[in-house]
Amino acid sequence: MKPFTLPDALARASAISFLLLAAALPWSVAPMSIALVACAALTFLVWGVRREGWMRTPVDVPALVWLLALVLASTFSLDPGQSFPRVAKGFLFLLVPVAAYHGRDERLARRAVTVLLVSAVAAALFALGRFVLAGPHFPNRVKGAVGHPLTYGGQGMLFASLATAIAIRCRGRWRAGALAALVVLLPALAGTYTRSAWIGYVAALAVIVAFTRARWLCGVAGGVAALALVLPGVYRARAFSILDPQSPWNRERVHMWDAGLRMFRDHPWTGVGLQDLHSIYEVYKPPGAVEPAGHLHSVYVQVAATMGIVGLAALAFLVVGLMRAASRAFLEWRRTAARDRSPSGDFAAAISLGVSAAFVGFLVSGLMEWNLGDEELLDLLCVLVGIAFGAIGWARHRAARGGEELARIERAPDQRDEAVEAGGVTSRLR
C-alpha cells in the first residue's frame, strides 16, 4: 500500500477546497471569497511541494496585460488614491489556471460541475422563495443571495447556459439532471427582470444550437419570438421595452454612454481612472439625465472611459484569451470526433461549448451592463473557463492513470517472484 505523504495530503485538501469553491460560487461574495483564497493558496502549495510549476493557459499573458493596463489607468487617474485599490480585481484571473489544474482530472471536474449545478439550483430555490414571499410582481425582482437582480441575472445566465449545453449535447443522467436544473434556473432568471441577462441567454442558446444543430436556429428564433408574445403582462412589457427608445431605463443608459464617450474624448489614452464615477458623471452627464451613476452600464463604454485606448486593447486581448481557453476542448473534439466518440469526449465537448456560449452571453450582456466589474460573476466565469480548458487533458490524464495502473500490474508478478525467491532462500538457510 502506498504511504500517504504530505504532497498527497495537500493535493487532497486542494481538491476538496475546489469543490467547496464550486459550492460557494452561486451564493454571496463572503463565502465565495473565503473558498477562493483557500483553494488558490492550497493549489499554489501543491505546485510548490510537487514542483509541478504553473498550469499554463491561454489566459495567462492576456491577464498580465490586463493587470498592467489597470495599473497604468490608476497611475494616470484623476484620483489615483481611489483608483489603485480596484487594481486588485485583476488578480481574479489567476482562478483560470487554478481551476484548469483541478479541471484536468475528469472525475474531479465532473464532481465540481455537479456540485456547481446542485448549489446553483439550491440558490435559485432560495431566491425564488424570497421573491414569492415579497410579492412576485415588478418592481420586486429575484435578487438571489448576491442581493442584486442584475448580478444574479448574470449568474443565472451563466448557469443556465452551461446546463443548456449539457441538456442538448449529453445523454442519460447528465441530460436529465441538466433539464431538472433548468426547470428551476430559467424561472429564477426570468424573475430577475434583467433584460441584458435575458438577451445574453438567448445569444448563448443560439451559439449552442448553431454548433449542434444549425438548422434548428430558425426554430429557436421563432420560439423566442412566440414566447415574448405570450409572456404575462409585466414580463412582456419588460421584454418589449428593450426595443423602446422612450423607455426610461433605455434613455438613462444612452445618457450614461454619451457621458462615457465624452470622458473618452477628453482622456483617450488611459481614461479617467478606475474610481467610482459618481462625481465625474455629474460633470459629464447630459442635461436630460436624471439617474446618478457610479458606472456606465456597458463594459465597453466603461473601459473606454476609465482606461482609454490602453484598456480597450487589453480588454480585446483578454477576451480572445478567455475564448481560446473556453473553446479549445470543443474544437479539439470536433477535430477528432470521427475517431473518438467516447462519453468522456462528448461531455468535455458539452462543457467547453457551454462555457464558450456562456462567455458569449456574458459579452453580449456586457453591451448593456458593467458585468466585468462584478466579482461574483468574474469568479464564476474564471472557474468555468478553467474547467473547460482542463477538459482538454481528460484523455491524456485518463491514459496516464491507466499507464500507472498497467505498470503496477506488470510489476506485481516480479514482486511476487521476488517474494517467493526470498521465501525459498529463507527456508534453505533454516
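The values are calculated or read from the model by the stated rules, or taken from the named source; none is laboratory data. Keep in mind that this is a model prediction, so the values were computed, not measured. Cβ coordinates were reconstructed from backbone atoms using ideal geometry, including for glycine residues, and neighbour counts include every protein chain displayed. All accessible areas refer to the heavy atoms of the entire protein, side chains included, with ligands and DNA or RNA removed. Shrake-Rupley method; radii C 1.70, N 1.55, O 1.52, S 1.80 Å.
Miscellaneous remarks
- Picking from residues in segment 287-336 that are in contact (Cβ under 8 Å) with a residue 60 or more places away in the chain and among the basic types (Lys, Arg), the one that is least open to solvent (accessible area, probe 1.4 Å) is Arg328.
- Residue match in segment 92-108 (condition: open to solvent by 10 Å² or more (accessible area, probe 1.4 Å) and within 18 Å of Val183 (Cα to Cα)): no
- Pick from segment 132-146, criterion at pLDDT 90 or above and in a helix (DSSP H, G or I), ranking: least open to solvent (accessible area, probe 1.4 Å): Val132
- Test: residue in segment 193-203 that is under 17 Å from Trp249 (Cβ atoms) and touching a Pro at 6+ places or on another chain (Cβ under 7 Å): yes
- The helices (runs of 4 or more DSSP H) found wholly in segment 1-112 and carrying at least 1 residues that are within 30 Å of Ile309 (Cα to Cα) occupy 60-75, 80-83, 95-103.
- With respect to (1) surrounded by 15 or more Cβ atoms within 10 Å (Cβ to Cβ); (2) β-branched (Val, Ile, Thr); (3) modelled with pLDDT of 95 or more, the lone exception for Thr75 is condition (1).
- Residue within segment 257-264 that is open to solvent by less than 20 Å² (accessible area, probe 1.4 Å), over 25 Å from Leu67 (Cα atoms) and in a helix (DSSP H, G or I) present: yes
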